[in-house]
Amino acid sequence: MTSSTTAPVLRTDYQKAVAEYWDYERDPVNLRLGEIDGLYHHHYGIGDYDPRVLDAPAPARDDTIIEEMHRLETAQADFLLDHVGDIGPSARLLDAGSGRGGTSVIAHSRFGCQVDGVTISEAQVAFANDQAERRGIDDAVRFHYRNMLDSGFEAGSMRGLWTNESTMYVDLFELFAEFARLLAHGGRYVCITGCSHDVTGGRTKAVSRIDEHYTCNIHPRSHYFKALAANNLVPINVIDLTTATIPYWELRAQSPVATGIEEAFLTAYREGSFHYLLIAADRV
Ligand code: GPP
Ligand code: MG
């Protein structure tokens, strides 16, 4: 589906570079995990892994480790959706920065409601819509080539919305102004993100390496709360998931689909310059 607004979806050279990265991304760390059950994620995992997967005999060992990573990534999406509140089948939800669609599909299967996803990658839109069609849920789960800073949906139309690791690509004040517009009064926004420590974080080498790797711009933790407060979004839950995500990275570092960014995440989390956070906030 194309944009309903007249403004171009990609407004800056930076946005074009980000769209290009995702249009050409075909990494086994995402595709091999998604092939397991058709849930394609673009986020990391939480929870302890079963250490026995590392001792699984070849040739099954690779698949066993990959299945365990996928289980932890799905657990992360489930945890995010645990915080969206009571959502009935007539509600509408938005997945802002929807990637290949995994979180949206889970949301629909949990709540039975309409879910719209937006991404600035046309390849991701096509991929995610194809998945929805294969599942026979394309009447309820739809992905759009739109910019989450200017999504074109009606004001107040969303009961809930989330960003699952997509806020590091945009200005938070602009983003949360758009979310405040989209959310119904009392609607819930849930964010899972990596953010830097305001005091000790700064641009540590590890945080800079993560930015460089994904062409993103990790925000300090304080920016989230300033931008929420400036846009009538009031936090109800803030959960530090740093300890919960470290095992995922330890497992990933030993997996056959490691990409080389694992040590930067482990260093950043362990040195305390970077946190993995869930923030849930209500539109008031
Ligand atoms: C990608 O997930 C997530 C991001 C690019 C955002 C950066 C996240 C931070 C917490 C800083 P992915 O599943 O596409 O990444 P990978 O290919 O490394 O698995
Ligand atoms: Mg991934």
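The values are calculated or read from the model by the stated rules, or taken from the named source; none is laboratory data. Everything numeric in this text was worked out from a predicted model, so none of it was measured. All Cβ positions, even for glycine, are placed from backbone atoms using ideal geometry, and neighbour counts span all protein chains on display. SASA here: full protein model, heavy atoms, side chains in, ligands and nucleic acids out. Shrake-Rupley method; radii C 1.70, N 1.55, O 1.52, S 1.80 Å.
Some observations on this one:
- Highest to lowest packing among 110-121, 79-90, scored as the average C-beta count within 10 Å: 110-121, 79-90
- Debye log10 I(q)/I(0) for the stretch 13-283, one point scatterer per Cα, at q = 0.10, 0.15, 0.16 Å⁻¹: -0.48, -1.14, -1.31
- Karplus-derived 3J(HN,Hα) values for the stretch 252-266, using 6.51 cos²θ - 1.76 cosθ + 1.60 with θ = phi - 60°, are 4, 4, 9, 8, x, 10, 4, 9, x, 8, 4, 5, 5, 5, 4 Hz; glycine and proline are entered as x.
- Three-way shape call for the stretch 122-280 based on the alpha-carbon gyration tensor, with the a/c threshold at 1.5: oblate
- Derived scalar couplings between HN and Hα for the stretch 154-170 equal 5, 4, x, 7, 10, 7, x, 8, 8, 10, 9, 6, 10, 6, 6, 9, 9 Hz in order, rounded to whole Hz, by the Karplus curve 6.51 cos²θ - 1.76 cosθ + 1.60 (θ = phi - 60°), x for Gly and Pro.
- Debye log10 I(q)/I(0) at q = 0.22, 0.25 Å⁻¹ for the stretch 9-66, Cα point scatterers: -0.97, -1.09
- Burial ranking of peptide ranges 7-13, 236-242, 166-172 (average Cβ count within 10 Å, highest at the top): 166-172, 236-242, 7-13
- Placed amide H near residue 117: partners under 5 Å, 5+ positions off or other chain: 95, 142, 143, 144
- For the stretch 112-183, the square roots of the Cα gyration tensor eigenvalues, ordered a ≥ b ≥ c, give a/c of at least 1.5 with a/b no greater than b/c, which places it in the oblate category.
- Accessible carbon and sulfur surface of the stretch 13-283 relative to its total accessible area, %, 1.4 Å: 50
- The chain - accessible surface per residue (Å², probe 1.4 Å): 42
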